[in-house]
Amino acid sequence: MAPEITRIETTEFSYPLEDLALDELGFNLVYTPGETAERKLFALRIETDEGINGEYIGGNSPGFAQVNMVADYLIGKNPLHRERHWSELKRALRKYDRMGMGPLDIALWDFAGKYHDAPIHELLGTYRERLPAYASTYHGDQNGGLDSPEAFADFAEECLDMGYPGFKIHGWGGHDRDMDREVETVHAVGERVGEEMDLMLDPACEYETFADALDVGRACDEQDFFWYEDPFRDAGISQHAHRKLRQKLDTSILQTEHVRGLEPHTDFIATESTDFLRADPEYDAGITGAMKLARVAEGFGLDVEYHAPGPAQRHCLAATRNANYYEMALVHPDTANTQPPVYEGGYEDQLDSIDSDGTVGVPDGPGLGVEYDWDYIEDNALGGRTYE
């Protein structure tokens, strides 16, 4: 008899982030000694009549507002019919960005792995089990951490000594952005470690003009950067702007972190507006959606690079030939990553989580291969919903 979804439960919870606070505009997390920021996440559990749960932790309030719109559809359905559910939810959320699909789809994949007693990467088709990682920094600060070009260069050298083969800079935000400092940081890091590491720059859409993006991009050219990611205030969604940027720079462009949907991602490639494709199982409609993007990129002869760390990202990368790196984010010489304290069994995404070769492993248990501390989640719960 086919399995059936009987109940779905979502729980919002919070946890503290030590020595971190929001910057002056209230958007970027930056190193701030002595301060404590609060982060909120969601826990999702899909229960079935098999006594096996599909679980996932991640996502934000806008995404879970969409979960609330569509969760009832899944009650009574076969949890193994992921492609059918993906198609129906895609249509149901057609007026929105579909961010609610990701957590649901990942939890369905977690169920499938547990049901078949196999890790998700085996169900997808394993290509590798060790993942090369790059160190992806917090934004620059003014507080004695990553507060200068030299500080970024020092940290890059530290990451090189740890075994990281790649290093990505997130520069400064705020009203008093100093473009000369952005350029100087590219040169400082490039001159210090550029011959030994792949270097990346992600302004996270901070630059306000095409001229600024071009100026910093030319510095990336001079230092032979591996890629240049999301410079513009357009939020990385203008195909025309990024095609023009590609035409004027030698450094490869990485786009589509903020583009939602299979078809717009495909259009970015077809119009020659990016060199690498960005994918994220949480943002891009789950593991199902992220793997569709990987196959689209493969069909065009390009690479896909998965955004952010996490168990779902590790499984996707493990099953993808045309990908280069696992993003160990966010890292800093003086404070920890934003990983929630909900993993049991030793799973971590911290600066020192790599081995001496600069790689991380793939969880090898059934499904996502991680165990969640549901007691911690309940103890720090802010609310939730149940669908049955």
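Please pull out the direction-averaged projected area of the chain, using the convex hull of its alpha-carbon atoms, in nm² to one decimal place.
17.9
5 Å is the cut-off here: which amide hydrogens, built 1.01 Å from N in the peptide plane, fall below it relative to Asp230, excluding neighbours closer than 5 in sequence?
Leu254
Rounding to the nearest 10 and keeping the result within 0 to 90°, find how far the Cα-based axis of helix 179-193 lies from the longest principal axis of the chain.
Approximately 90 degrees, to the nearest 10.
So what's the angle, to the nearest 10 degrees on a 0 to 90 scale, between helix 61-74 and the longest Cα principal axis of the chain?
Long axis of 61-74 versus the principal axis of the chain: about 30 degrees.
If I take R0 = 45 Å and measure r between the Cβ atoms of Arg233 and Glu157 in this structure, what FRET efficiency does the formula 1/(1 + (r/R0)^6) give, to the nearest 0.05?
With R0 = 45 Å, the Cβ-Cβ based efficiency is 0.90.
If r is the Cβ-Cβ distance from Asp178 to Lys40 and R0 is 30 Å, what FRET efficiency results, to the nearest 0.05?
0.40
Over the Cα atoms of region 121-175, what Rg and Dmax result, in angstrom?
Calculated on Cα positions, Rg and Dmax stand at 15.6, 48 Å.
Work out from phi, with θ = phi - 60° and the Karplus expression 6.51 cos²θ - 1.76 cosθ + 1.60, the ³J(HN,Hα) of each residue of region 215-223, listed in order in whole Hz, and give x for Gly and Pro.
With the stated coefficients, region 215-223 comes to 4, 5, x, 5, 5, 4, 4, 5, 9 Hz.
Could you work out [θ]222 nm for the chain from helices alone, using -39500 (n - 2.57) per DSSP H run of at least four and dividing by all its residues? Round to the nearest 500 deg cm²/dmol.
Using -39500 (n - 2.57) per qualifying helix, the result is -10500 deg cm²/dmol.
Modelled label-to-label distance, Ala211 and Leu22, 7 Å Cα→beta-carbon offset: nm?
The two pseudo-label positions are separated by 3.2 nm.
Once you order the gyration tensor axes a ≥ b ≥ c over the Cα atoms, which shape class does region 312-385 get: rounded for a/c under 1.5, otherwise prolate or oblate by comparing a/b with b/c?
The shape class here is oblate.
Classify region 1-128: rounded, prolate or oblate, from the alpha-carbon gyration tensor (a ≥ b ≥ c, eigenvalue square roots; a/c under 1.5 rounded; otherwise prolate if a/b is larger than b/c)?
Prolate is the answer for region 1-128, as a/c is 1.5 or above and a/b outweighs b/c.
Short version: ³J(HN,Hα) in whole Hz for each residue of region 303-316, in order, from phi by Karplus 6.51 cos²θ - 1.76 cosθ + 1.60 (θ = phi - 60°), x for Gly and Pro, what are they?
Per residue, the Karplus-derived 3J(HN,Hα) values read 9, 10, 10, 7, 8, 6, x, x, x, 5, 4, 4, 5, 4 Hz.
Per residue, what volume in Å³ does the Cα convex hull of region 136-256 take up?
Dividing the Cα hull volume of region 136-256 by its residues yields 91 Å³.
Sequence-distant or interchain residues sharing an amide H contact under 5 Å with Arg7, placed H: which?
Under 5 Å from the amide H of Arg7 lie the amide H atoms of Glu47, each far enough along the sequence or on another chain.
Please report the accessible area of Asp202 (heavy atoms, 1.4 Å probe, ligands and nucleic acids excluded) in Å², nearest 10.
Only protein atoms counted, so the area is about 10 Å².
Can you list the residues, at least 5 places off or on another chain, whose amide H is less than 5 Å from the amide H of His307, using H built in the peptide plane?
Result for His307 returns Ala279, Asp280.
I want to make sure I understand the PRE zone here: with the label point 7 angstrom from the Cα of His187 toward its beta carbon, which residues in region 122-155 have backbone N atoms less than 11 Å away?
none
Which one of Pro62, Ile75, Ala37 is farthest out on the positive end of the charge dipole of region 18-114, using unit charges on Cβ (Lys, Arg +1; Asp, Glu -1) and the Cα centre as origin?
Among Pro62, Ile75, Ala37, the one farthest towards the positive end of the dipole of region 18-114 is Ile75.
Through the Karplus equation 6.51 cos²θ - 1.76 cosθ + 1.60, θ set to phi - 60°, convert the phi angles of region 369-374 into ³J(HN,Hα) values in whole Hz; use x for Gly and Pro.
Per residue, the Karplus-derived 3J(HN,Hα) values read x, 10, 10, 9, 8, 5 Hz.
Need one number for region 4-58: average projected area of the convex hull over its C-alpha atoms, nm².
That works out to 4.7 nm², a quarter of the Cα hull's surface.
With a point put 7 Å past each Cα toward its Cβ, work out how far Asn68 is from Arg7 in nm, to one decimal.
Going by the 7 Å Cα→Cβ label model, 2.1 nm.
If I stretch the segment between Glu263 and Asp355 completely, what's the gain in nm (0.36 nm per residue apart, minus their alpha carbon distance), one decimal?
Value of the extension gain: 29.4 nm.
Select from region 19-65 those GluC sites (Glu not before Pro) which occupy a DSSP coil region and have at most 16 other Cβ atoms within 10 Å, ordered by residue number.
Glu24, Glu50
Say R0 is 25 Å: what FRET efficiency, to the nearest 0.05, do Asn78 and Arg385 get from their beta-carbon distance?
Efficiency for this residue pair is about 0.65.
Are any of the pairs Lys248/Lys292; Lys95/Lys244; Lys95/Lys292; Lys90/Lys168; Lys168/Lys244; Lys77/Lys114 more than 26 Å apart by Cα-Cα distance, and if so, which?
Check vs 26 Å cut-off fails for Lys248/Lys292; Lys95/Lys244; Lys90/Lys168.
The values are calculated or read from the model by the stated rules, or taken from the named source; none is laboratory data. Nothing here was measured: the structure is a model prediction, and the numbers come from that model. With ideal geometry, Cβ positions are generated from the backbone for all residues, glycine too; neighbour counts draw on all protein chains shown. Just so you know, the surface numbers come from the protein's heavy atoms only, side chains and all, with ligands and any DNA or RNA stripped out. Shrake-Rupley method; radii C 1.70, N 1.55, O 1.52, S 1.80 Å.
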